[in-house]
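Enquirer: Dumping the structure here so I can ask a few things about it.
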Amino acid sequence: MFARALATLLLIGVSALTAQAQQRDPALEPLLREAMNLQDDCFVDRFDREVWFTAMEPKLKRMVPDEAERTLILERVYCESKRLKLPAGLVMAVIEVESRFDRWAVSSAGAVGLMQVMPFWPKQLGMTNDQLVRIPQNVRMGCTILKYYLEREKGDYTKALARYNGSVNRRQYPDKVLTRLADRWAFR
């Protein structure tokens, strides 16, 4: 019994180190540094905002009962996906699978927030750790990382999502995200 528990703990530790090492890609740092210095206003067209909120707000309301938090999540996801030319529904699916829209979530690998960003990033970027639970900063970092992996994998969602999650060559996580995208978060 003790040996099995020890083996499980070692496996979790190795998985956490693997996920952390994969997200430590040195090419990500300048992208994240640049992203964190950008302005936040993106809704130049009020119609775009209304369409997005009308489509997504009822779906998110079940998971995020607080209206102010729900509004902030929807605004940030829309703005970041537009800025990076990411499908907004894909970002919503990633957030649901990663944290179930709980900005206080912490994974067994130590990833934090809505998009489960690894905690070494704030220190490397001259930020504080509490910024990982702030919706705008977490979504901006998570989307920047996701976009980087999508470009690295030449648009292959399955491979990019596996990299994002630290589960390269495994399909469980990408399949789960893509199912959520198709079932709940598809947009336009």
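The values are calculated or read from the model by the stated rules, or taken from the named source; none is laboratory data. This one's a predicted model, so the numbers in the text were calculated from it and none came from an experiment. When we count neighbours, we look across all protein chains shown, and the Cβ atoms used for this are built from the backbone with ideal geometry, even at glycine.
Enquirer: Inspect all residues belonging to the stretch 117-139 and state whether any of them is modelled with pLDDT of 95 or more and touching a Ser or Thr at 6+ places or on another chain (Cβ under 8 Å).
Expert: Looking through the stretch 117-139, none of the residues is modelled with pLDDT of 95 or more and touching a Ser or Thr at 6+ places or on another chain (Cβ under 8 Å).
Enquirer: Can you confirm whether Thr71 is farther than 22 Å from Arg180 by Cα, of a type in the set (Val, Ile, Thr), free of Cβ contacts under 8 Å to residues at least 40 places away in the same chain and in contact with a helix residue (DSSP H, G or I) (Cβ under 9 Å, 6 or more places away or on another chain)?
Expert: Working: farther than 22 Å from Arg180 by Cα: no; of a type in the set (Val, Ile, Thr): yes; free of Cβ contacts under 8 Å to residues at least 40 places away in the same chain: yes; in contact with a helix residue (DSSP H, G or I) (Cβ under 9 Å, 6 or more places away or on another chain): yes.
Judged against the criteria, Thr71 is not a match.
Enquirer: Would you mind telling me which numbered condition in (1) outside any loop (DSSP other than H, G, I, E, B); (2) at pLDDT below 95; (3) surrounded by 17 or more Cβ atoms within 10 Å (Cβ to Cβ) Leu181 fails?
Expert: (2)
Enquirer: Does Phe120 satisfy the condition of being surrounded by fewer than 20 Cβ atoms within 10 Å (Cβ to Cβ), closer than 26 Å to Phe53 by Cα and not hydroxyl-bearing (Ser, Thr, Tyr)?
Expert: Judged against the criteria, Phe120 is not a match.
Enquirer: Could you list, ordered by first residue, the pairs with Cβ atoms under 6 Å in which the first is in the stretch 84-106 and in contact (Cβ under 8 Å) with a residue 60 or more places away in the chain and the second is surrounded by 21 or more Cβ atoms within 10 Å (Cβ to Cβ) and small (Gly, Ala, Ser), at least 6 apart or interchain?
Expert: Going by the 6 Å Cβ cut-off, the qualifying pairs are Ala88/Ser81.
Enquirer: Please indicate, with yes or no, whether at least one residue in the stretch 148-166 is at pLDDT below 95 and not in a helix (DSSP H, G or I).
Expert: For the stretch 148-166, residues at pLDDT below 95 and not in a helix (DSSP H, G or I): present.
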